[in-house]
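Structure first, then comments.
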Amino acid sequence: MELILATTAVGRPRGIGHLAGCAVLTLLAAVASPLHAQNVDPIDRDTGNGIPMSMFGTYVEEGQLLVYPFAEYYRDSQSEYQPSELGYVGDADYFGSYEALEGLIFLGYGISNRWAVEFEAAVISARQERDPTDPGDFPQELKQSGLGDVEGQLRYMWRRQTAERGGVFSYFETVLPIQRKKRLIGTPNWEFKFGTGYIRSYTWGTMTYRASVAYDKGPELGEYAVEYARQLSNRVRVYGGVEGTEDEVEFITDLQLFLKSNVVLKVNNAFGLTKKAASWAPELGVLFRFR
């Protein structure tokens, strides 16, 4: 079960102090934990030879249940919005202050050593301010709260990785059209996504490459990412990656502290690399694994 406190919004303020704090925390945790033996198989060391999930640096093994309630906070002084997508007049893109608080639940289960499923649902309260240059009927401040995105994924390992070669996996995601009126906090239409990835473990860490195509009102490029994960010790795993959707690209770090073998504290930060991406988004959570 992971409890995450996050800020995920377009235009996050950069925080050097937070970066330094995470670096110090990582160092202290690594020093305080006994290192794995150097001859441990990199596949078992970094991933447990599990199936990669949508949560960064998280893998599920056969018969394993992941339960992850978490909270996220979003704030963005220059969040992009299109009035027509929110039920108002205007097809141009505008920028205004955005803020939201979201509580979510994530569930994942390893059906077999090839199949896994996951489910995620959110409750959210959000506020979007109007761009002064917006000439339409968009309100000065739009507030909405209630059920947010509800989505599920089916994930499949076409080829499990071995010492000689990497693994190949795919995933299919569906977002339900729960909020047809409150479009600021939910998805009004069915959304689908199909992606494929390649994962390869080395002595110095595990690399994952993935890309997807999505369908909302029409086909479009989905998420793409390059990711790195490394189990530094019995108690510490680190993750770093670059993820993007069209012209929104972020650099993401994730520190995982194993309080017990089945209880993991996660500290996550995302930093925007492009204008339309959120500039900063911290997350804090606790992941529970059950068999």
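The values are calculated or read from the model by the stated rules, or taken from the named source; none is laboratory data. A quick note: this is a predicted structure, and the numbers were derived from the prediction, not measured. For neighbour counting, all protein chains shown are included, and Cβ atoms are generated from backbone atoms with ideal geometry for every residue, glycine included.
Give region 189-229 a look and list any residue that's of a type in the set (A, V, I, L, M, F, W, C), farther than 20 Å from GLY240 by Cα and either touching a His at 6+ places or on another chain (Cβ under 9 Å) or in a strand (DSSP E or B) (or both), or say none.
Hits for region 189-229 are PHE192, PHE194, VAL213, ALA214, LEU221.
For region 102-144, name all the residues that are surrounded by 20 or more Cβ atoms within 10 Å (Cβ to Cβ) and out of contact with any strand residue (DSSP E or B) (no Cβ under 7 Å at 6 or more places or on another chain).
Answer for region 102-144, where residues must be surrounded by 20 or more Cβ atoms within 10 Å (Cβ to Cβ) and out of contact with any strand residue (DSSP E or B) (no Cβ under 7 Å at 6 or more places or on another chain): just PHE138.
Looking only at region 70-94, which residues are touching a strand residue (DSSP E or B) at 6+ places or on another chain (Cβ under 7 Å) and polar (S, T, N, Q)?
SER77, GLN78, SER79
Which members of region 67-111 meet the condition of being hydroxyl-bearing (Ser, Thr, Tyr), assigned to a strand (DSSP E or B) and at pLDDT 90 or above?
TYR68, TYR81, TYR94, TYR109
Just one of LEU265, LEU232, LEU255, LEU184 is on the phi < 0 side of the Ramachandran plot, surrounded by 16 or more Cβ atoms within 10 Å (Cβ to Cβ) and over 20 Å from the mean Cα position of the chain (by Cα); which is it?
Unique residue meeting the criteria: LEU232.
Just wondering, is there one or more residues in region 162-175 that are among the polar types (S, T, N, Q), loosely packed, with under 14 Cβ neighbours inside 10 Å and over 16 Å from LEU107 (Cα atoms)?
Checked against the condition, which is being among the polar types (S, T, N, Q), loosely packed, with under 14 Cβ neighbours inside 10 Å and over 16 Å from LEU107 (Cα atoms), region 162-175 yields at least one hit.
Does TYR209 qualify as being hydroxyl-bearing (Ser, Thr, Tyr), touching a residue at least 40 places away in the same chain (Cβ under 8 Å), within 19 Å of TYR171 (Cβ to Cβ) and out of contact with any Lys or Arg (no Cβ under 7 Å at 6 or more places or on another chain)?
It is false that TYR209 is hydroxyl-bearing (Ser, Thr, Tyr), touching a residue at least 40 places away in the same chain (Cβ under 8 Å), within 19 Å of TYR171 (Cβ to Cβ) and out of contact with any Lys or Arg (no Cβ under 7 Å at 6 or more places or on another chain).
For region 251-274, what are the residues that are over 22 Å from ASP46 (Cβ atoms), free of Cβ contacts under 8 Å to residues at least 40 places away in the same chain and of a type outside the set (S, T, N, Q)?
LEU273, the sole residue that qualifies.
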